[in-house]
1. Subtract the Cα-Cα distance of residue 121 and residue 299 from 0.36 nm times their separation in residues, and report this length gain in nm to one decimal.
2. At each listed q (0.14 Å⁻¹), what is the log10 of I(q)/I(0) that the Debye formula gives for the stretch 3-318 modelled as equal alpha-carbon point scatterers?
3. Between residue 67 and residue 159, how high is the FRET efficiency from 1/(1 + (r/R0)^6) when r is the Cβ-Cβ distance and R₀ = 25 Å? Nearest 0.05.
4. Less than 24 Å apart at the alpha-carbon level, and either on another chain or at least 8 residues along: which lysines does that give for residue 104?
5. Taking the beta-carbon count within 10 Å as an exposure proxy, list 308, 199, 301 from fewest neighbours to most.
6. If you take every residue apart from residue 32 with its C-beta less than 13 Å away from the C-beta of residue 32, what net charge results, scoring Lys and Arg +1 and Asp and Glu -1?
7. Taking residue 32 as the anchor, which lysines have their alpha carbon closer than 16 Å to its alpha carbon, excluding any fewer than eight residues away along the same chain?
8. What length, rounded to one decimal in nm, is gained on full extension from residue 148 through to residue 306, with 0.36 nm per residue of separation minus their alpha-carbon distance?
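Please treat every number below as a calculation from the coordinates, not as lab data. Keep in mind the model is a prediction, meaning the values are calculated, not measured. Note that each Cβ is placed from the backbone with ideal geometry, even for glycine, and that neighbours are counted across all protein chains shown.
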Amino acid sequence: MTSSTVSFSQKRHDYIKDWPNIQPFQAENEYKNRIDNFKKSGKELFLPHPISYSSENYHNIAVSFIIDSLDVMHKHPNFAFDFIFRAFDQYAGNLFNETTLKGKLEKSIDEWTEIINQNDNSKGLIEKLLKNIPQITCQYLYSRIFKEYDGSKPAEENEGLLLKRLLKVEKENGKLIVNDEKMKRIVELSFRKFGFNEMDYANSIRKGSRFFFVYFNSDSVNLSISSDSNEDIPIKLEDKLHLLVNGILFTMRNDRAHGASSSSFKSSKASLRTYAHNHFCFISIYFLLHLLMIDTTSSEMDTLIEVMNRNVDSYAEFYKEILGV
């Protein structure tokens, strides 16, 4: 352990010993000060979209989780993400009559793609959101895919559920079948071009993470390494939603649900960048959930887009010098 790690380990133990007369961690203080200053300038970091009344039980369970998310949003965007993802999990299960999270997400992505493609304003909103995806979020995705990746094997033969989800791998008669050849190409070429070298972060992980930012914000990408890879790979909305939802949001949910990492803000690595990542994940699934809950052919859609445009603008302003770091 480094001295910094030991120090934070001691702080966590002292926090419990001193509770409730505790001292917030440094990142928590920085975030609180920034929130206070933002409010003093007359701005709100996040405002909810009104939800039309329904007496349906599954609807009200989802609404209860949305309320929980709003209650903690301004202090703990990590917990807000947990609650809003539970709302999605519960609501989508009833909407699509699906029991598995994989099935709920697959059907939701099809639904979101259709809704967004039919509405220019919602397409503009998702483009604005992805334009403001934090560097740390792209790095989170890149690291989760490639940290244990073995480039000597085809992508589908690598370990890990994340790659299986991204490549839509199925097993038939003992053979692995890839149902997303485009994503397989992206994964294999990304690793060939950037690798995963923590000792050469700037040329490996940083550039690989930046590539995912480009992916989310382009109609095509080119990962030219040699003549056999000098091709433009088209990127459609459904490809971006697939990587956002199954690559980032689903992975984030699993990491948090299974305790795969330290608490977001009780770590030596915590910073305002950590808050930006959690906030981005929250605001993304919040918008996508509401696309399932409202009548997208009514004026509700206009109201949702208006509210979410304000929320994305506030988010982008609040973290403006942090998103690209």
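1. My answer for the length gained is 62.8 nm.
2. -1.20
3. 0.05
4. List returned: 123, 164, 168, 171, 182, 184, 236, 240.
5. Going from sparsest to densest Cβ surroundings: 199, 301, 308.
6. Details: positive: 34, 39, 40, 75; negative: 28, 30, 36.
The answer is +1.
7. Those lysines meeting the cut-off are 40, 43, 75, 266.
8. On the way: separation 158, 0.36 × 158 = 56.88 nm, distance 4.16 nm.
That works out to 52.7 nm of additional length.
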